[in-house]
Amino acid sequence: MNKNLQEGVELAKELNEALKNKTVNCDVVIGTPFIHLASVANAVDTNKIGVAAQNCADKESGAYTGEVSAAMVASTGAKYVILGHSERRAYYHETPEILKEKVKLALANGLTPIFCIGEVLEEREAGKHFDVVKSQIENSLFELSPEDFANIVLAYEPVWAIGTGKTATADQAQEIHAFIRKTLAEKYGREIAENTSILYGGSANAGNAKELFSNPDVDGGLIGGASLGVDKFMPIIEAF
């Protein structure tokens with residue numbers, strides 16, 4: 001929940017300008033608040049920059065005042081939606097069942113879900129991180145057909161390493177990303193598992209991006225505070 005409409009559009013335009021004559025080795029997607037979506041989608045070259053909502057409703061339409069449906073998100077020109085973010089799970093009590101519905105609706109409306117998973121500090125210290133991550137994937141995504149699952153992007157967030165001063169090492173990131181890919185391969189086969197992008201979302205920044213992204217199973221980043229300024233965000237994009 002950062003930047004008003006004018007500031008958000010300005011940031012998007014600035015990023016668009018910075019990428020204009022550059023060849024980058026990754027997809028760049030910006031996740032904006034709902035009220036920015038249509039304006040940002042119009043302000044950027046969508047061949048260079050994808051636009052994502054940070055959430056969508058678990059209902060198709062109706063008397064759900066204040067909610068924003070997947071169809072509404074798609075109508076703005078956005079192509080992605082972030083679902084299951086650790087903050088949504090923690091502060092708004094989004095359950096695996098709710099997230100399962102959101103994923104279905106996002107896919108039905110042609111959106112690519114960026115689906116977040118990850119454990120909190122107590123779970124990591126108790127050695128439960130593999131179990132937690134596996135159950136989050138199984139309970140919200142494993143009813144999808146292989147064709148639908150092939151449209152999912154996963155984002156691993158070590159919740160304990162976000163804004164706590166603790167950081168996951170590149171080795172820790174690789175270890176759990178490899179476990180996630182193995183879990184996918186057991187369900188959907190090796191080809192889909194290999195082709196699924198698994199992003200890392202634990203305080204990635206210009207200083208650690210290159211080391212993180214050099215891991216074979218870390219396919220990109222879900223960037224937080226470091227994406228709020230083009231000067232901080234561009235070095236992360238260029239780390240590929």
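Please treat every number below as a calculation from the coordinates, not as lab data. All values reported here derive from a predicted model rather than from experimental measurement. Using ideal geometry, Cβ is built from the backbone for each residue, glycine included, and neighbour counts are taken over all protein chains shown.
Summary of values
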item: Expected-Rg normalisation [2.2 N^0.38 Å, Cα atoms] applied to segment 49-95; result: 1.19
item: Sequence of Val73, Val44 once ranked by neighbouring C-beta atoms within 10 Å, starting from the fewest; result: Val44, Val73
item: Restraint check, Lys128/Lys182; Lys13/Lys48; Lys3/Lys100, Cα-Cα greater than 19 Å; result: Lys3/Lys100
item: Longest to shortest principal axis, alpha-carbon extents of segment 34-75, angstrom; result: 35, 15, 14
item: Loop-resident sites, segment 1-52, for trypsin sites (Lys or Arg not before Pro), counting at most 15 other Cβ within 10 Å (DSSP); result: Lys3, Lys20, Lys22, Lys48
item: Cα-based equivalent ellipsoid, the chain: semi-axes from gyration tensor eigenvalues, Å; result: 25, 23, 17
item: Under Karplus coefficients 6.51, -1.76 and 1.60, residue-wise ³J(HN,Hα) of segment 168-185 in Hz, glycine/proline x; result: 6, 6, 4, 5, 4, 4, 4, 4, 7, 4, 5, 4, 4, 5, 4, 4, 5, 5
item: Relative counts (whole %) of C-alpha pair distances in segment 115-178, using bins that are 10 Å wide; result: 19, 51, 23, 6
item: Amide proton proximity set for Gly221, modelled H, under 5 Å, gap of 5+; result: Tyr200
item: Value at 222 nm in deg cm²/dmol, rounded to 500, when DSSP H runs of n ≥ 4 in the chain each add -39,500 (n - 2.57); result: -13000 deg cm²/dmol
item: Per-residue HN-Hα couplings for segment 127-140 [Karplus 6.51, -1.76, 1.60; θ = phi - 60°; Hz; x = Gly/Pro]; result: x, 9, 4, 5, 5, 4, 5, 4, 5, 4, 5, 4, 6, 10
item: For Thr112, residues with placed amide H under 5 Å, excluding near neighbours; result: Tyr80, Val81
